[in-house]
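I am attaching a structure below and will ask some questions about it afterwards.
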Amino acid sequence: TEILASYNLPQLSEAYNATPLYKEGYYGNGTNVGIIDYYGDPDILQQIAYFDHVYHLPPPPSINIVPIGQYNPYFGLCTGWAIEESLDVEAVHSMAPMANITIYNPSIPDLATVIGYIDQQHKVDVVSMSFGTPERDIMEIPFSMVIQTEYYFMLGTLEGISFIASSGDGGGEGYSIGQPLGGIVWPSSSPFVTSAGGTTVYLSCKTAEQEAWSYSPKGAASTGGVSILFPQPWYQSMEGPFSTVEGRMTPDIGLNANIYPGVNVVLPGNLTLIIGGTSESSQLFAGLLALLISKLHTKFGLMNPLIYTLAENYYNKAF
């Protein structure tokens, strides 16, 4: 059986059984996915047009760029955030081709201000975040900002916004210096956020297999562990081997992330690079969630109680 060395992002819709929704006419129509990427990408609109041409996708109904603070997208080129934004937007668009996309480009480090602004605007159904700070480094951030951000995550979920964040690419021990039970990252460790971890997907002849992303030649792997900041939320209280764990556990769900095979991403200048990581996972899930919102005509808010209820009743398979 031939296994591809890399995938085109639209191919992954087959792995997650999105094609039946497409056949029913649900492509994320009428939904709006928010993506947070710092600084920006000056070529993102042209890149998406080229991406659509290459993969025969319809252009998204709208792509809105919303700066928060001073807007200098060329700084995204210097810092690497333009590459991140390329992956994020293309992954969401590949899963939900007809979803509106709002790109939030902050230039300020205060995540509380960013989330508060998104809550206040009340324009998006899903917000994806492909970044994180190891919990052991949180003390370098004013903790009042973390508390305020959690407050805004809570308010946003009450509005019906679903927040998704990448769990990290450091494996079970990659960020664990001074932290037991694996070093996990925030904001994916927030109890009001769905933590998207990574898997390895193998596509062949219209079939797909998925396994844990636990090793790659460069040492990266899906991050998971137990929070030292947040207690175990009610939706994770269950019988079994984790019944004695007291902290919030991540990730909540896993999607393709391994760079072996990775995905082809169009970068500034229309260059193509093979990329992976849980930055991809969070965006894939955001796009798939937009399909469900389109079909069911409802917002979900906090997804985690539903995910764990489905997992408990369907042999640990929620989606």
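The values are calculated or read from the model by the stated rules, or taken from the named source; none is laboratory data. Keep in mind it's a predicted model, so treat the numbers as computed, not measured. Please note: Cβ atoms are built from the backbone with ideal geometry, for glycine as well, and neighbour counts cover all protein chains shown. In case anyone asks, the SASA skips ligands and DNA or RNA and just uses the protein heavy atoms, side chains included. Shrake-Rupley method; radii C 1.70, N 1.55, O 1.52, S 1.80 Å.
Could you please let me know if residue 13 is touching a strand residue (DSSP E or B) at 6+ places or on another chain (Cβ under 7 Å), of a type in the set (S, T, N, Q), under 18 Å from residue 256 (Cβ atoms) and touching a residue at least 40 places away in the same chain (Cβ under 8 Å)?
no
Does residue 22 fit the bill of being outside any strand (DSSP E or B), in contact with a Leu (Cβ under 6 Å, 6 or more places away or on another chain), under 16 Å from residue 288 (Cβ atoms) and aromatic (Phe, Trp, Tyr)? Lay out the reasoning, then the answer.
Details: outside any strand (DSSP E or B): yes; in contact with a Leu (Cβ under 6 Å, 6 or more places away or on another chain): no; under 16 Å from residue 288 (Cβ atoms): yes; aromatic (Phe, Trp, Tyr): yes.
Considered against the rule, which asks whether it is outside any strand (DSSP E or B), in contact with a Leu (Cβ under 6 Å, 6 or more places away or on another chain), under 16 Å from residue 288 (Cβ atoms) and aromatic (Phe, Trp, Tyr), residue 22 comes out as no.
Can you tell me which residue in the stretch 20-54 is farthest from residue 109 (Cα to Cα), limited to those that are of a type in the set (S, T, N, Q) and open to solvent by 50 Å² or more (accessible area, probe 1.4 Å)? Please lay out each step first, then the result.
Of the residues in the stretch 20-54, the ones of a type in the set (S, T, N, Q) are 29, 31-32, 46-47.
Those still in the list that are open to solvent by 50 Å² or more (accessible area, probe 1.4 Å) too: 29, 46.
Numbers: 29: 33, 46: 28 Å.
Once the filter is applied, the top-ranked residue is 29.
Residue check: is residue 151 open to solvent by less than 10 Å² (accessible area, probe 1.4 Å), at pLDDT 95 or above and within 22 Å of residue 195 (Cβ to Cβ)? First the steps, then the outcome.
Working: open to solvent by less than 10 Å² (accessible area, probe 1.4 Å): no; at pLDDT 95 or above: yes; within 22 Å of residue 195 (Cβ to Cβ): yes.
So residue 151 fails the test.
Scan the stretch 102-115 residue by residue and report those that are part of a strand (DSSP E or B) and either open to solvent by 10 Å² or more (accessible area, probe 1.4 Å) or hydroxyl-bearing (Ser, Thr, Tyr) (or both). If you could, list the steps in order and put the result at the bottom.
Step one: filter the stretch 102-115 for residues part of a strand (DSSP E or B), giving 102-106.
Answer for the stretch 102-115, where residues must be part of a strand (DSSP E or B) and either open to solvent by 10 Å² or more (accessible area, probe 1.4 Å) or hydroxyl-bearing (Ser, Thr, Tyr) (or both): 102, 104.
Among the residues of the stretch 86-101 satisfying the criterion of being not hydrophobic (A, V, I, L, M, F, W, C) and not in a helix (DSSP H, G or I), which is surrounded by the fewest Cβ atoms within 10 Å (Cβ to Cβ)?
100
If you don't mind, another one. Which of the residues belonging to the stretch 231-241 are within 21 Å of residue 168 (Cα to Cα) and either at pLDDT 95 or above or not in a strand (DSSP E or B) (or both)?
232, 233, 236, listed by residue number.
Can you tell me which residues in the stretch 181-198 are at pLDDT 95 or above, part of a strand (DSSP E or B) and β-branched (Val, Ile, Thr)?
Scanning the stretch 181-198 gives a single hit, 194.
Take residue 219 and tell me if it is at pLDDT 90 or above, in a loop (DSSP other than H, G, I, E, B) and of a type in the set (Gly, Ala, Ser). Before the answer, list the steps.
Working: at pLDDT 90 or above: no; in a loop (DSSP other than H, G, I, E, B): yes; of a type in the set (Gly, Ala, Ser): yes.
Spelling it out, it is not the case that residue 219 is at pLDDT 90 or above, in a loop (DSSP other than H, G, I, E, B) and of a type in the set (Gly, Ala, Ser).
Let me ask another. Based on this model, can you work out whether residue 258 counts as out of contact with any Leu (no Cβ under 7 Å at 6 or more places or on another chain), surrounded by 18 or more Cβ atoms within 10 Å (Cβ to Cβ), at pLDDT below 95 and assigned to a loop (DSSP other than H, G, I, E, B)?
Details: out of contact with any Leu (no Cβ under 7 Å at 6 or more places or on another chain): yes; surrounded by 18 or more Cβ atoms within 10 Å (Cβ to Cβ): yes; at pLDDT below 95: yes; assigned to a loop (DSSP other than H, G, I, E, B): yes.
In short, yes.
Between 83, 118, which is assigned to a helix (DSSP H, G or I), of a type in the set (Val, Ile, Thr), touching a residue at least 40 places away in the same chain (Cβ under 8 Å) and open to solvent by 20 Å² or more (accessible area, probe 1.4 Å)? Let's see the steps before the verdict.
Values: 118 fails: open to solvent by 20 Å² or more (accessible area, probe 1.4 Å).
None of the others qualify; the one that does is 83.
A further question on this structure: I need the full set of residues from the stretch 53-101 which are small (Gly, Ala, Ser) and under 25 Å from residue 288 (Cβ atoms), in order please.
Kept after step one, since they are small (Gly, Ala, Ser), are these residues of the stretch 53-101: 62, 69, 76, 80, 82, 86, 91, 94, 96, 99.
Correct list: 62, 82, 86, 91, 94, 96, 99.
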